[in-house]
1. If the Cβ limit is 7 Å and pairs must be 6+ apart or interchain, which residue in segment 103-127 that is more than 17 Å from I50 (Cβ to Cβ) pairs with which residue that is surrounded by fewer than 21 Cβ atoms within 10 Å (Cβ to Cβ) and polar (S, T, N, Q)?
2. Does segment 128-170 hold any residues that are within 30 Å of P48 (Cβ to Cβ) and either in contact with a helix residue (DSSP H, G or I) (Cβ under 7 Å, 6 or more places away or on another chain) or hydroxyl-bearing (S, T, Y) (or both), and which are they?
3. Looking only at segment 86-97, count how many residues are buried (at least 16 other Cβ atoms within 10 Å of the Cβ) and either over 18 Å from G43 (Cα atoms) or modelled with pLDDT of 90 or more (or both).
4. Could you list, in sequence order, all residues of segment 15-47 that are β-branched (V, I, T) and modelled with pLDDT of 65 or more?
5. Could you tell me whether segment 135-147 includes any residue that is open to solvent by 30 Å² or more (accessible area, probe 1.4 Å), in contact (Cβ under 8 Å) with a residue 24 or more places away in the chain and among the small types (G, A, S)?
6. For segment 41-72, which residues satisfy the criterion of being within 17 Å of P98 (Cα to Cα), among the acidic types (D, E) and open to solvent by 60 Å² or more (accessible area, probe 1.4 Å)?
7. Within segment 98-134, take every residue that is over 13 Å from G43 (Cα atoms) and within 9 Å of the chain's Cα centre (by Cα) and give me the one that is surrounded by the fewest Cβ atoms within 10 Å (Cβ to Cβ).
8. Take the conditions on the phi < 0 side of the Ramachandran plot and modelled with pLDDT of 85 or more and apply them to R128. Does it pass?
Amino acid sequence: MQKPRRFIASARTNLPVWSDLSWDAAPASVDAAGRGFVLVGVGAGTAPVIEAWRQGVGAWPCIAWVETGDLADAAVSTRFGAALESMVVGWRLMLAGPPAEIMVLAAQARRTGLLDEEIRLHVLEDGRVRVQCAHCKTLFRATAEPGDIVTCPGCGQNILVHQHFSRHLGAFVGFSADVEGEP
């Protein structure tokens, strides 16, 4: 993996609010304006985060679990979809886990109508993100960050992971590392 250039932070970006995704910070607190909560952890290491959030919810309605299965599994998708359908105005969704996983769940939540203000994320660092190849449309997970070059498993091209983040897909966009010529 090589880094051909650094990306410059933009005042206008479509990345999630990274302050809520700080790997070193304590998990985001429970939104005091929430009137019900869906709390989902992805991976066994998220159990303490979910438990802390559950305690912060108090007497408000709460659906909480730690998901250890594959997010592509139909049962997992059905369980998450049912939890989203049970939400009403005033409820909040809080997700904890690796960025590649919780961004997919956040994207699914947005497609059902949740607003960014209704979603809180806590990333547990694993270094993996989702990337979509702009050439063959393959979605895959890679240990990378914007500016890295990875090999697409679909078409075999070396692609640059761009800082453009698709909230719809929960993935960064990648394109041929050679498309712009030598930097």
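1. G127/T143
2. Answer for segment 128-170, where residues must be within 30 Å of P48 (Cβ to Cβ) and either in contact with a helix residue (DSSP H, G or I) (Cβ under 7 Å, 6 or more places away or on another chain) or hydroxyl-bearing (S, T, Y) (or both): R128, V129, R130, R141, T143, R167, L169, G170.
3. Result for segment 86-97: 7.
4. Passing the criteria: V30, V38, V40, V42, T46.
5. no
6. Residue satisfying the conditions is D70 alone.
7. That would be A107.
8. Working: on the phi < 0 side of the Ramachandran plot: yes; modelled with pLDDT of 85 or more: no.
In short, no.
The values are calculated or read from the model by the stated rules, or taken from the named source; none is laboratory data. Note that the structure is a prediction, hence the values are computed from the model and not measured. Every residue, glycine as well, gets a Cβ built from its backbone with ideal geometry; the counts of neighbours run over all protein chains shown. Surface accessibility is based on the protein's heavy atoms, side chains included, excluding ligands, DNA and RNA. Shrake-Rupley method; radii C 1.70, N 1.55, O 1.52, S 1.80 Å.
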